[in-house]
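I have placed the structure first, in the form of structure tokens, so that the comments after it can refer back to it.
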Amino acid sequence: MSKSLKFAAVIAGCLPATAAFAAWELNMPIGVTELSREIHGLHMLIFWICVLIALVVFGMMIYSIVKFRHSQGAIAANFDHSTKAEIVWTIIPIAILVGMAVPAAETLIKIEDTRGSDLSIKVTGYQWKWHYDYLDKNVAFFSTLSDESNRARQLNSGIDPNTVENYLLDVDNPLVVPVGAKVRILLTANDVIHAWWVPAFGMKKDAIPGFVNELWFRAETPGVYRGQCAELCGYDHAFMPVVVDVRPQAEYDAWLKAQQDAKAPPATASSVEAPAAASAMSATAAVAKAE
Ligand SMILES: [Cu+2]
């Protein structure tokens, strides 16, 4: 078999594998928000610039090594300084860096611009769960690992994790937001540093105790988007997923109303709670007096 035939056979042998590789995502996900698409575009732009630089540099290197080899009688040039070459190899990299910095800075500014949001949610990281507080909406709740995943993850649980849908990526109470709304997330933590991360939104930011970090997203397609805590935060770090349920506006409004109604105390609650609180206070006073 000739060399070229062998080469063709190798290529043909690789062909069935390409179909399998198609399902084997290597690249970043494109996501479902304008920002995630821009970040992906930026990533591809810089990738292709790197490819181009590699082709030019390695192409010139290989060409020079082959063409001007000693066995062909090449004689090395004998100079130790070239102002022209130094100007060229300074200006070209500067132009490349500026060309990359301009679109990168534009995207960064957009990412940081949380003005004009439709909805603000305070997200607090806890060891090992998330707390969501819809500001000015009187809705707040904890979001913890789903019971199914939690049972399966226990040592010797006897449950095959492969049988659990969205294993370690499911929660009891997901964050619910309306589609198309600019959602501002105010991020903080109650104990150690966590990080709130939803790959489909292109957003990941640290939740730091004593600090408030901001991020925003505008999901364009309804659906359930999953992420995880992305900052090693203790031994259950792997068990505090993030789930965001993006719903059409009407469905979101109905959900919000249901949450508010469920939270509203029944009319008699205050009359029941008040005496209990009063007696607790008097008990504290009595203890204080006794001391
Ligand atoms: Cu965490």
ask   = In this structure, is SER120 of a type outside the set (D, E, K, R) and touching a Lys or Arg at 6+ places or on another chain (Cβ under 7 Å)?
value = yes
request  = Working carefully through the options ILE65, ILE53, find the one that is among the β-branched types (Val, Ile, Thr) and surrounded by 10 or more Cβ atoms within 10 Å (Cβ to Cβ).
outcome  = ILE53
remark   = Of the residues in the range 156-177 that are among the β-branched types (Val, Ile, Thr) and either surrounded by 16 or more Cβ atoms within 10 Å (Cβ to Cβ) or part of a strand (DSSP E or B) (or both), the one that is modelled with the lowest pLDDT is VAL164
ask   = In the list ALA278, ALA258, which residue meets the criterion of being assigned to a helix (DSSP H, G or I) and at pLDDT below 90?
value = ALA278
note = Restricting attention to the range 182-201, the residues that are within 16 Å of the ligand (Cβ to nearest atom), of a type in the set (A, V, I, L, M) and assigned to a strand (DSSP E or B) number exactly 5
inquiry  = For the list (1) assigned to a helix (DSSP H, G or I); (2) more than 21 Å from ALA200 (Cα to Cα), I need the number of the one condition that ALA238 fails.
reply    = (2)
task = Select from the range 136-182 the residues that are out of contact with any Gly (no Cβ under 9 Å at 6 or more places or on another chain) and among the basic types (Lys, Arg) and write down the one among them that is farthest from PHE239 (Cα to Cα).
result = LYS137
ask   = Which of the residues spanning the range 136-174 are of a type in the set (A, V, I, L, M, F, W, C) and touching a residue at least 24 places away in the same chain (Cβ under 8 Å)?
value = VAL139, PHE141, PHE142, LEU145, LEU168, LEU169, VAL171
task = For the range 125-140, enumerate the residues that are away from the ligand (no atom under 11 Å from the Cβ) and either touching a Leu at 6+ places or on another chain (Cβ under 9 Å) or closer than 17 Å to ARG184 by Cβ (or both).
result = HIS131, TYR132, ASP133, TYR134, LEU135, ASP136, LYS137, VAL139, ALA140
key: Qualifying position, being more than 22 Å from the chain's Cα centre (by Cα) and not small (Gly, Ala, Ser), among GLU165, GLU214, GLU251   = GLU251
inquiry  = Between ARG184, ARG153, which is more than 25 Å from SER36 (Cα to Cα) and either buried (at least 16 other Cβ atoms within 10 Å of the Cβ) or out of contact with any Pro (no Cβ under 9 Å at 6 or more places or on another chain) (or both)?
reply    = ARG153
task = Check whether at least one residue in the range 242-257 is within 16 Å of the ligand (Cβ to nearest atom) and buried (at least 17 other Cβ atoms within 10 Å of the Cβ), and report yes or no.
result = yes
message = Between a residue in the range 24-42 that is crowded, with 17+ Cβ neighbours inside 10 Å and any residue that is charged (D, E, K, R) and at pLDDT 90 or above, which pairs come within a Cβ distance under 6 Å, given they are 6 or more apart or on different chains?
response = VAL32/GLU220; THR33/ARG218
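The values are calculated or read from the model by the stated rules, or taken from the named source; none is laboratory data. As the structure is a computational prediction, the values presented were derived from the model and not from experiment. Using ideal geometry, Cβ is built from the backbone for each residue, glycine included, and neighbour counts are taken over all protein chains shown.
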